[in-house]
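Each reported figure results from applying straightforward, stated rules to the coordinates on display, with no laboratory input. All figures in this text were calculated on a predicted structure; none of them were measured in a lab. Cβ sites come from the backbone with ideal geometry, for glycine too, and all protein chains shown count toward neighbours.
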Amino acid sequence: MQHPKKERTFVILKPDAIQRNFIGEIISRFERTGLKITAMKMLVPMAEQCWSHYNKDEAWFQSKGERIVKGREEMKLPVEKEAIEYGRDIIGQLVTFMTSGPVLAMVIEGNSAVGIVTKLVGGTEPLTSDIGTIRGDLTIDSYDLAGLDSRAVRNLIHCSDKPEEAEREIKIWFKEEEIIAYRSIAEAMLYDVNLDGILE
């Protein structure tokens, strides 16, 4: 079993984060906690990568599509296709967004890395994300607006929500040899049991 301080998570700064020049702002929030970046690369994703990354099945498409159909009926909007197609459109819109320009993919390591990053990033919808989170502070999009425009919500960043999901996602975006194992000086203060050597 891996030591807790070696937990890894996966993060992508989406095209809106890159275009709005938030790379430094967002990375600094992770680094200030003591988390360590062990891999990073800028790329324009391929559609197949994105579909693999989001990893949704027919049941997910059907469930989400049924909610969309219900919402459209409540708003007296036309229902123009089967529920499952509306569900597929959710991921299709995300893939269109993610492949529209460069993204920055990262592997981040440290104790409770998944939980810490999730807390810093905030809820998926910027409108309802807490103040102090990346999404809550840096963008104003909402599900309703994105839905009206038939596009993905622009929420700056993706992060894994579970350690096992992080490991699955990392394999889609990085080869294991691209992830660098190294020790940072800050880790001594964060993790070392014996702090002898600080005082001269």
Residue-count net charge about LYS171 - beta-carbon cut-off 13 Å; Lys, Arg +1, Asp, Glu -1
-4
Rotationally averaged projected area of region 51-200 (alpha carbon convex hull; nm²)
12.4 nm²
Determine the calculated [θ] at 222 nm for the chain from helices alone, applying -39500 (n - 2.57) to every DSSP H run no shorter than 4 residues and normalising by the residue count; nearest 500 deg cm²/dmol.
-13500 deg cm²/dmol
For the residues MET75, MET98, MET189, what sequence is obtained by ranking on other C-beta atoms within 10 Å, fewest first?
MET75, MET189, MET98
Jot down the per residue volume, in cubic angstrom and as a whole number, of the convex hull over the alpha-carbon atoms of region 32-108.
146 Å³
In the chain, lysine pairs closer than 12 Å at Cα, eight or more apart or cross-chain:
4
Tell me the trypsin sites (Lys or Arg not before Pro) within region 1-90 that lie in a loop according to DSSP and have at most 10 other beta-carbon atoms within 10 Å.
LYS76
Is any helix in the chain, taking whole DSSP H runs, at least 15 angstrom long along its axis by alpha carbon and on average at least -0.5 on the Kyte-Doolittle scale, and which ones?
23-33, 83-98
Please say if region 1-130 is rounded, prolate or oblate, where rounded means a/c under 1.5 for a ≥ b ≥ c the square roots of the C-alpha gyration tensor eigenvalues, and otherwise the choice is prolate for a/b larger than b/c and oblate otherwise?
prolate
